[in-house]
1. Looking only at segment 70-94, which residues are out of contact with any Phe, Trp or Tyr (no Cβ under 8 Å at 6 or more places or on another chain), not hydrophobic (A, V, I, L, M, F, W, C) and not in a helix (DSSP H, G or I)?
2. Search segment 32-69 for residues being among the polar types (S, T, N, Q) and in a helix (DSSP H, G or I), and hand back the single one that is nearest to Thr171 (Cα to Cα).
3. Among the numbered criteria (1) closer than 16 Å to Asn30 by Cβ; (2) part of a helix (DSSP H, G or I), which single criterion is violated by Glu133?
4. For segment 168-219: of the residues being hydrophobic (A, V, I, L, M, F, W, C) and surrounded by fewer than 20 Cβ atoms within 10 Å (Cβ to Cβ), which is modelled with the lowest pLDDT?
5. Restricting to segment 1-31, name every residue that is in a helix (DSSP H, G or I) and under 20 Å from the mean Cα position of the chain (by Cα).
6. Looking at Ser153, Ser130, which is the one that is touching a Gly at 6+ places or on another chain (Cβ under 6 Å) and surrounded by 23 or more Cβ atoms within 10 Å (Cβ to Cβ)?
Amino acid sequence: MSTSPSDIPTLADLYSSGEVVAGDGEVKYNHDEVLNKRVSIWRGDITKLKADMIVNAANSSLLGGGGVDGAIHRAAGPELLDECKGLGGAETGETKVTRGYELPSKYVAHTVGPIYSSKHKEKCQNQLQSCYESSLNLCKKYDGGVIGFSSISTGVYGYPIKDATEIAIKTTRKFLENDQSVTRVIYVVFSKKDEEVYKSVIPNYFPPPSSSSSMTSEK
């Protein structure tokens with residue numbers, strides 16, 4: 001059974017219910033209630049999300065693998081692999097789109113996240129940012145709507161979850177400020193621990209109404 005975005009609370013809803021509260025970190029943007037209604041954090045199964053596009057944390061072959069990647073391929077059926085075979089793989093930070101086939105999502109954006117290395121931290125940051133930027137831009141290209149993100153590179157690729165979450169949310173904020181076609185960004189997390197990280201980071205980029213007087217813009 002699929003889950004509709006209308007059944008998933010927005011960030012504005014989470015603030016109203018007290019499930020997300022303002023954090024202790026530096027608030028980097030002004031409050032924008034309209035933007036807060038375009039973002040969600042959802043602990044669930046991305047293969048069940050009825051979205052216009054979901055983002056798969058793929059490997060460079062784009063031919064499936066473990067974790068979320070394998071789950072998406074299994075749920076989509078063999079036609080997804082057949083289409084992926086014709087894409088010629090992808091570089092780290094690059095994203096390519098296929099149809100969703102048996103998934104409730106229309107499209108799948110296959111993005112290749114970096115394998116984390118503390119010796120190449122800046123390079124990894126840029127590559128991960130590119131994953132989110134390219135996925136959002138492709139969603140826009142394919143008529144926008146709802147996009148669901150898995151937590152890219154935070155599994156076997158070893159990217160520290162808090163650092164990765166900062167990049168994901170910051171990149172999303174910058175994009176949504178200049179785009180109307182993507183109507184909802186849903187961060188789909190697997191564990192309660194990851195969900196709490198997202199909830200702790202997001203108020204710095206999408207702050208609640210009460211923080212609006214003390215913000216410094218980071219454009």
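1. Those that are out of contact with any Phe, Trp or Tyr (no Cβ under 8 Å at 6 or more places or on another chain), not hydrophobic (A, V, I, L, M, F, W, C) and not in a helix (DSSP H, G or I): Gly86, Gly88, Gly89, Glu91, Thr92, Gly93, Glu94.
2. The selected residue is Asn36.
3. (1)
4. Step one: of segment 168-219, the residues hydrophobic (A, V, I, L, M, F, W, C) are 168-169, 175-176, 182, 185-186, 188-190, 197, 201-202, 206, 215.
The next check asks that each one be surrounded by fewer than 20 Cβ atoms within 10 Å (Cβ to Cβ); those that pass are 175, 190, 215.
Values: Phe175: 98, Phe190: 90, Met215: 50.
Checked segment 168-219; the qualifying residue modelled with the lowest pLDDT is Met215.
5. At the first step, the residues of segment 1-31 found to be in a helix (DSSP H, G or I) are 5-7, 11-17.
Of everything in segment 1-31, those that are in a helix (DSSP H, G or I) and under 20 Å from the mean Cα position of the chain (by Cα) turn out to be Pro5, Ser6, Asp7, Leu11, Ala12, Asp13, Leu14, Tyr15.
6. Just a single option satisfies the conditions, and that option is Ser153.
The values are calculated or read from the model by the stated rules, or taken from the named source; none is laboratory data. Not measured: the values here are computed from a predicted model. Positions of Cβ are backbone-derived with ideal geometry, glycine not excepted, and every protein chain shown enters the neighbour counts.
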